[in-house]
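Data block below; observations after.
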Amino acid sequence: MNKLVFSIETSCDETSVAIIDNNRNILSHITINQGDHSKFGGVVPEIASRSHLQILQRIIPESLKQAGIKISNIDLFSATCGPGLIGGLLIGSTIAKAIALGLNKPFFPINHLEGHLLSTMFSEKIMFPHIALLLTGGHTQIYLVKSIGKYTLLGETVDDAIGESFDKVAKLIGHNYPGGAKIEKLALQGNSEKYKLPHPLQYKKDLNFSFSGIKTAVSLIVKNEKKLNNENKKDIAASFQSMIVKILEVRTKSAFEFLINKNHKIKYLSVVGGVAANKKIKETLSKIASKYGCQLVSPPLNLCGDNAAMIANVCLEHHKLDLKPNLYFNPNPRLSLY
Ligand code: KG4
Ligand code: ZN
């Protein structure tokens, strides 16, 4: 029987709702970037929570209209229950739970990170095992994905997340939050050799990352330049992005080597999360994947950043695997996946 899945994503500053069917067709999908945090230089949790509440009241009825269905036609309800900002998680999950309870339908709590990890299912057939790079504003992790629900963390950042470092560098050269896409655009016209930036953890043999030192180095460059002109900004963006790409390149190669040595037959490399929108990063990862005889897989561009369709997809998969719904699951800002 055709199942309809409804989901809410409110873990950070995107308010998103989606309705999908059990063939993963997206019947409606509305994502509102709150945008009103840019003047504070980052997401203000209290403002985000209030905005989620207001926006959801508007976009939930809109999403039903778009899908041409009534709320009572929905079979499975879901919402992001962590990790993320607790105010937003509470609002999104409480609304989804309340509707599910009122209609006597199941509610599935979903991990945001699993949402990103499985978001490639909207573009490719998922295969196991594969290596996944999860690159967002809050996380930088490498996983071995053995099957749905079996995720082994191989390495992660010890300080800033990769998206966070893009945002901080953007801010240092005068661009509003979030700055990842702006850095990518500026880097296209800059000289990546102009500024020498550090390569943190270069000589460490593990699969962890560190980005905060690069941001500090950029802040010193900005100070020394006194008055930054547009050329300096482009060169900083290009030099920064090139170091980020180098770091990802080294760690991805090491992950392949590590897993191949352990006899894992890796089917492909995936890159997911907001930073997966970056073309230069994808180009480089694609070359590495082909060196190891596989392909790079990433979600469609509109599903790289935070969105509810990826949450609905996990809900569907959990239902297919007969995992139990849980109306009483408490949102957890530090919910982990492993
Ligand atoms: O996955 P996401 O939407 O939210 C979190 O779960 O954190 O990721 C947002 C992050 C932001 O830091 C943003 O600057 C970054 O993704 N980002 C990019 C690009 N587009 C978004 N970073 C680099 N290049 C891009 N094109
Ligand atoms: Zn995310």
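The values are calculated or read from the model by the stated rules, or taken from the named source; none is laboratory data. Just so you know, these numbers come straight off a predicted model, no measurement behind them. As a convention, Cβ positions derive from the backbone with ideal geometry for all residues, glycine included, and neighbour counts pool all protein chains shown. When the accessible area is computed, the model is the full protein with side chains, heavy atoms only, and any ligands, DNA or RNA have been set aside. Shrake-Rupley method; radii C 1.70, N 1.55, O 1.52, S 1.80 Å.
Determine which member of the set 174, 213 is out of contact with any helix residue (DSSP H, G or I) (no Cβ under 9 Å at 6 or more places or on another chain) and either within 16 Å of ligand 1 (Cβ to nearest atom) or open to solvent by less than 50 Å² (accessible area, probe 1.4 Å) (or both).
Every option except 213 fails the conditions.
Among the numbered criteria (1) within 16 Å of ligand 2 (Cβ to nearest atom); (2) more than 15 Å from residue 132 (Cβ to Cβ), which single criterion is violated by residue 245?
Result: residue 245 passes all but (1).
Filter the range 100-142 down to the residues that are open to solvent by less than 40 Å² (accessible area, probe 1.4 Å), of a type outside the set (Ser, Thr, Tyr) and within 13 Å of ligand 2 (Cβ to nearest atom) and list them by number.
Listed by number, the residues that qualify are 110, 111, 112, 113, 114, 115, 116, 117, 118, 134, 135, 141.
For residues that are open to solvent by 30 Å² or more (accessible area, probe 1.4 Å) and among the β-branched types (Val, Ile, Thr), scanning just the range 143-155, find the one that is farthest from residue 313 (Cα to Cα).
Only one residue fits best here, namely 152.
Give me the pairs, please: first residue somewhere in the range 232-250 and more than 15 Å from residue 279 (Cα to Cα), second residue anywhere and among the polar types (S, T, N, Q), beta-carbon distance under 7 Å, and either six or more positions apart or on two chains.
234/189; 235/191; 239/192
Looking only at the range 18-56, count how many residues are assigned to a helix (DSSP H, G or I), within 16 Å of ligand 2 (Cβ to nearest atom) and open to solvent by less than 10 Å² (accessible area, probe 1.4 Å).
The total comes to 2.
Could you please find all residues in the range 303-338 being part of a loop (DSSP other than H, G, I, E, B), open to solvent by less than 10 Å² (accessible area, probe 1.4 Å) and touching an Asp or Glu at 6+ places or on another chain (Cβ under 8 Å)?
Those that are part of a loop (DSSP other than H, G, I, E, B), open to solvent by less than 10 Å² (accessible area, probe 1.4 Å) and touching an Asp or Glu at 6+ places or on another chain (Cβ under 8 Å): 307, 308.
Condition first: part of a strand (DSSP E or B) and surrounded by fewer than 19 Cβ atoms within 10 Å (Cβ to Cβ). Can you find one or more residues in the range 8-17 that meet it?
No; the residues of the range 8-17 include none that is part of a strand (DSSP E or B) and surrounded by fewer than 19 Cβ atoms within 10 Å (Cβ to Cβ).
Quick one: in the range 252-280, which of the residues that are within 16 Å of ligand 2 (Cβ to nearest atom) and in a helix (DSSP H, G or I) is farthest from the chain's Cα centre (by Cα)?
The selected residue is 277.
How many residues are open to solvent by 30 Å² or more (accessible area, probe 1.4 Å) and touching a Gly at 6+ places or on another chain (Cβ under 9 Å) when one looks only at the range 77-94?
Adding up the residues that qualify gives 0.
Any residue at all in the range 162-175 that's modelled with pLDDT of 95 or more and in contact with a His (Cβ under 6 Å, 6 or more places away or on another chain)?
No, the range 162-175 contains no residue that is modelled with pLDDT of 95 or more and in contact with a His (Cβ under 6 Å, 6 or more places away or on another chain).
One residue is enough: does the range 176-194 have a residue meeting the conditions out of contact with any Asp or Glu (no Cβ under 6 Å at 6 or more places or on another chain) and at pLDDT below 95?
For the range 176-194, residues out of contact with any Asp or Glu (no Cβ under 6 Å at 6 or more places or on another chain) and at pLDDT below 95: present.
Considering (1) crowded, with 19+ Cβ neighbours inside 10 Å; (2) not in a helix (DSSP H, G or I), say which one residue 97 fails and leave the rest.
All conditions are met except number (2).
What number goes with the only condition from (1) more than 12 Å from ligand 1 (Cβ to nearest atom); (2) open to solvent by 50 Å² or more (accessible area, probe 1.4 Å); (3) part of a loop (DSSP other than H, G, I, E, B) that residue 190 does not pass?
Only one criterion in (1) more than 12 Å from ligand 1 (Cβ to nearest atom); (2) open to solvent by 50 Å² or more (accessible area, probe 1.4 Å); (3) part of a loop (DSSP other than H, G, I, E, B) is unmet by residue 190, namely (2).
Can you tell me which residues in the range 156-170 are more than 15 Å from ligand 2 (Cβ to nearest atom) and surrounded by fewer than 18 Cβ atoms within 10 Å (Cβ to Cβ)?
Result: 158, 159.
Listed here are the residues, each with its yes/no results for (1) surrounded by fewer than 20 Cβ atoms within 10 Å (Cβ to Cβ); (2) within 11 Å of ligand 1 (Cβ to nearest atom).
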residue: 246; (1), (2): yes, no
residue: 263; (1), (2): yes, no
residue: 272; (1), (2): no, yes
residue: 276; (1), (2): no, yes
residue: 287; (1), (2): yes, no
residue: 290; (1), (2): yes, no
residue: 297; (1), (2): no, no
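What are the residues in the range 209-251 that are in contact with an Asp or Glu (Cβ under 6 Å, 6 or more places away or on another chain) and assigned to a loop (DSSP other than H, G, I, E, B), if any?
Residues satisfying the conditions are 210, 211.
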